[in-house]
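Notes follow the structure.
The values are calculated or read from the model by the stated rules, or taken from the named source; none is laboratory data. Here the structure is a predicted model, which is why all the values come from computation and not from measurement. Neighbour counts run over all protein chains shown; Cβ positions are idealised from the backbone, glycine included.
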Amino acid sequence: MDIRLYLTPLPFERADVNDKTVVVIDVLRSSTSICASLKAGARGVIPTAGPGEAAEMRSKIGPDTTLLAGERDGVKIENFNLGNSPLEFVEDAVRGKYIIITTTNGTAIFSKAGKARLVLSCGLVNVSLTARRAADENRDVMIVCAGEKGGFSIEDTLCGGMLIHLLNTVHKKEVTLSDAGSLALLLYRANKTAIRQSIAQGEHGRYLTSIGFKKDVEFATEVDALPVLPVLKDGRLILESDADITK
Ligand code: MLT
C-alpha cells in the first residue's frame, strides 16, 4: 500500500486522487466536530469553502433542515447557528439536521478530495475506525493534513502518523511511504505516550486554550472517543452505514 501524506493542503491540490482513498485530517477542530455531529444524530455534514458558499447551500437545501456552523480565527461566524467547538454539536442542537460547515483550514479540502474513490474524515477521536476502513478498502492512501493557515500543524501530523502506524501494525499492511509520511510516523512513534501534551503545547492548541477552548483540545485528543466514520458522498459527509460507497 502506497501512502502519501501531505503536511499542508497546497501540494494536495495538484495530486491525482483517482482510485485513491483520501483521508482528510483536522484534529483541531473540524474533524472532531464532524464526528461529534454525526454521533449526535445529524443527518450529514456539508463541508463548504467559505461563509458565502455555506449560506447559498442553506438557501438551496432549506433553512428548516439545515444549520450553519463554522469559525474564523476559532470564533463562531456572525449569524451562524454554531461555531466549530465539538462540544456544541449535541443531540438537542443537531439531531435530524444537515450541518453546513465552513472552517479556516479543514473544510475546503473536501471539494478537491471529492473526486477520489473513497474520502474519509479523520481525527484522533475516530482514528482506529478510519484505519480499519482504509485497510479494508486496500487502495493507495493520501492523507491530507489541514494544518494551520497554509502551514504545518503538529496535531494533524501526529494523527496522520498514528493512522500509518495502525495500518502497518494492527492491519499488517506493507506500506511504502512518502518522506512526509515517514516524518509523521517518526513523530507519532516518538510521542505516542504524550499525544495530548504535544498537541496542547502546539501553536493551535495554545491558541484555542487562550481563547477559552481548552476543553475542545482535551476532547479532540481523546483517541477513539467518537467511533463513527464520516464518508463523503455527493458532497455530504454521512455515516458509513448510511452510505452506498460504491460509485
Ligand atoms: C480549522 O479548520 O482551521 C479549524 O477547525 C479551526 C478551529 O480550531 O476552529
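Inside region 129-188, can you point out the residues that are among the charged types (D, E, K, R) and surrounded by 22 or more Cβ atoms within 10 Å (Cβ to Cβ)?
Glu155, Asp156
When you scan region 124-161, how many residues do you find that are charged (D, E, K, R) and away from the ligand (no atom under 16 Å from the Cβ)?
Looking only at that region, the number is 6.
Given the options Asp140, Asp216, name the one that is charged (D, E, K, R) and over 18 Å from Arg72 (Cα atoms).
Result of the check over Asp140, Asp216: Asp140.
Name the residue that is farthest from the ligand (Cβ to nearest atom), counting only residues in region 114-123 that are of a type in the set (A, V, I, L, M) and in contact with a helix residue (DSSP H, G or I) (Cβ under 8 Å, 6 or more places away or on another chain).
Here the residue is Leu118.
Out of Ala42, Ala36, which single residue is touching a residue at least 40 places away in the same chain (Cβ under 8 Å), part of a loop (DSSP other than H, G, I, E, B) and small (Gly, Ala, Ser)?
From the options Ala42, Ala36, the qualifying one is Ala42.
Given Val27, Val90, Val75, which one is surrounded by fewer than 17 Cβ atoms within 10 Å (Cβ to Cβ), near the ligand (Cβ under 10 Å from one of its atoms) and modelled with pLDDT of 95 or more?
Step by step, each of Val27, Val90, Val75 is checked, and only Val75 is surrounded by fewer than 17 Cβ atoms within 10 Å (Cβ to Cβ), near the ligand (Cβ under 10 Å from one of its atoms) and modelled with pLDDT of 95 or more.
What's the number of the only condition in (1) surrounded by fewer than 24 Cβ atoms within 10 Å (Cβ to Cβ); (2) within 16 Å of the ligand (Cβ to nearest atom) that Ile61 fails to meet?
Just one mismatch for Ile61, condition (2).
Residues that are closer than 17 Å to Val228 by Cβ and of a type in the set (A, V, I, L, M, F, W, C): which strands (runs of 3 or more DSSP E) entirely in region 49-139 hold 2 or more of them?
Strands (runs of 3 or more DSSP E) meeting the threshold: 98-102, 118-122.
May I ask you to list pairs of residues, at least six apart or on different chains, whose Cβ atoms are under 7 Å apart, with the first in region 183-194 being in contact (Cβ under 8 Å) with a residue 60 or more places away in the chain and the second being in a helix (DSSP H, G or I)?
Short answer, once both residue conditions are applied: Ala184/Thr157; Ala184/Gly160; Ala184/Gly161; Ala184/Ile164.
Could you grab me the full set of residues in region 93-113 that are in contact (Cβ under 8 Å) with a residue 60 or more places away in the chain, under 19 Å from Lys39 (Cα atoms), over 13 Å from the mean Cα position of the chain (by Cα) and within 15 Å of the ligand (Cβ to nearest atom)?
Ile99
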